[in-house]
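Below: the structure, in C-alpha cells.
Quick note: the coordinates plus some simple rules give every number you see, no bench work behind them. Just so it is clear, the structure is predicted and the values come from calculations on it, not from any experiment. Quick reminder, even Gly has a Cβ in these numbers, built from the backbone with ideal geometry, and neighbours come from all protein chains shown.
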Ligand SMILES: NC(=O)c1ccc[n+]([C@@H]2O[C@H](COP(=O)([O-])OP(=O)(O)OC[C@H]3O[C@@H](n4cnc5c(N)ncnc54)[C@H](OP(=O)(O)O)[C@@H]3O)[C@@H](O)[C@H]2O)c1
C-alpha cells in the first residue's frame, strides 16, 4: 500500500455528502486536496483548512476541465463524485435529463482522464462513481442504471488505456447523503426502513463508509479496473 502523504488529490463534487467525506479522509491520510464543482463559493465555505483549496469546474465542459488542469498542474489522484440525477419511469424521461446524467458521470470523467492523466505520475489513479442500480434494475431508475453501467465500462477501459495509472470505480448502495431528500420525509424513511430490513448489512450506508473505500482504491497499488461495491450487500438480494 502507498500512502497519501505528500500527494495531491482532486475531488470533484459538492461540499457535503460523499465528496466531503472523501476530502476529509484523504486529508487525514496526509494528502493535500483540491475540491472542485460548479459552485466554488459553496465549496470554499464548506472547508476551513489550508490543505484544502476550492476550484470551479463544470466537468461537462471540456474547456472548463482543460482550464482546471492548467491551473492545478500536477495532481496524483482524481476522484469524480459529480452526478446529475435522472430518475423517472421510461414514459416520463426526457432526453435532456438522460443526457445530463451521461454527460456528468460518463463524459465528464473521460474529459478528466483526457486532461489530467498526462499531468499525473505513473503511480497516480482515478476513482469514478457508479452505483448499485447498474446491477439491480429498479423501476424509475432506468437512466441512472444506464449511466452507472457506462461508468463501470469507462473505468475498466481507462484502466487498460492509461496503465500503469490505475482506474477504479466505486458503486455505492443506499447512502445517507441527502441524495434521497427529494423523496420527502415519509418516503425517505420508508426507503431506509426497507433497506434496513432487506440489505445484508441491515443498515443504510454513510458517506464515511464510501470515503474509506475511496482511500483504499487510491492507495492499493495492485487494484485497477475494479468495481468496488460499497452497498452493504444491496445488490445480492
Ligand atoms: N447517495 C447515494 O445513495 C448514492 C448511491 C449510488 C451512487 N451514488 C453516487 O455517488 C456519488 C456521490 O453522491 P452524493 O449523494 O454524495 O452526491 P450528489 O448529490 O450526487 O452530488 C453530486 C454533486 O456533483 C456536482 N456536479 C454536478 N454536475 C457537475 C458538473 N457538471 N461539474 C462539476 N460538478 C458537478 C454538484 O455540485 P455543484 O452543484 O456544486 O456543482 C452535485 O451536488 C454520485 O456520483 C452518485 O451518483 C450515490
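Considering only 131, 88, 108, give the residue with the highest GNM mean-square fluctuation for the chain, with springs between Cα atoms whenever their separation is below 10 Å.
Top of the fluctuation ranking is 88.
Sort the following peptides by mean Cβ neighbour count (other Cβ atoms within 10 Å, averaged over residues), highest first: 227-233, 37-43.
Order by mean packing, descending: 227-233, 37-43.
For a protection proxy built on the mean count of beta-carbon atoms within 10 angstrom, sort 213-221, 78-86, 95-103 highest first, please.
For the peptides 213-221, 78-86, 95-103, the packing ranking is 78-86, 213-221, 95-103.
Taking springs between alpha-carbon atoms closer than 10 angstrom, which of 150, 69, 189 fluctuates most in the Gaussian network model of the chain?
Between 150, 69, 189, it is 189 that shows the largest mean-square fluctuation.
Using helices alone, I'd like the mean residue ellipticity at 222 nm for the chain: each DSSP H run of four-plus residues gives -39500 (n - 2.57), total over residue count, nearest 500.
Calculated mean residue ellipticity at 222 nm is -12000 deg cm²/dmol.
Compute the angle between helix 17-28 and the longest alpha-carbon principal axis of the chain, please, reported from 0 to 90 degrees and rounded to the nearest 10.
With both axes taken from Cα atoms, the answer is about 40 degrees.
Compute the helix-to-body angle for 62-72: its Cα long axis versus the longest principal axis of the chain, expressed 0 to 90° and rounded to tens.
Value to nearest ten degrees: 50.
Determine the distance separating the Cα centre of the stretch 121-153 from the Cα centre of the stretch 156-183; give it in Å without decimals.
Using only Cα atoms to place each centre, the spacing works out to 6 Å.
May I ask you to order 44-54, 167-177 by the average number of other C-beta atoms within 10 Å around their residues, highest value first?
Ranking the peptides 44-54, 167-177 by packing returns 167-177, 44-54.
Output the direction-averaged projected area (hull surface divided by four) of the convex hull of the alpha-carbon atoms of the stretch 140-237, in nm².
6.9 nm²
Binning at 5 Å from 0, report for the stretch 8-227 what percent of all alpha-carbon pair distances ends up in each bin.
1, 7, 15, 19, 21, 17, 11, 6, 2, 0
On C-alpha positions alone, give me the angle between the axis of helix 207-219 and the longest principal axis of the chain, in degrees, nearest 10.
40 degrees
On a C-alpha basis, how far is the centre of the stretch 18-50 from the centre of the stretch 68-95 in Å? Whole number, if you could?
Spelled out, the Cα-based centre of one part sits 17 Å from the other.
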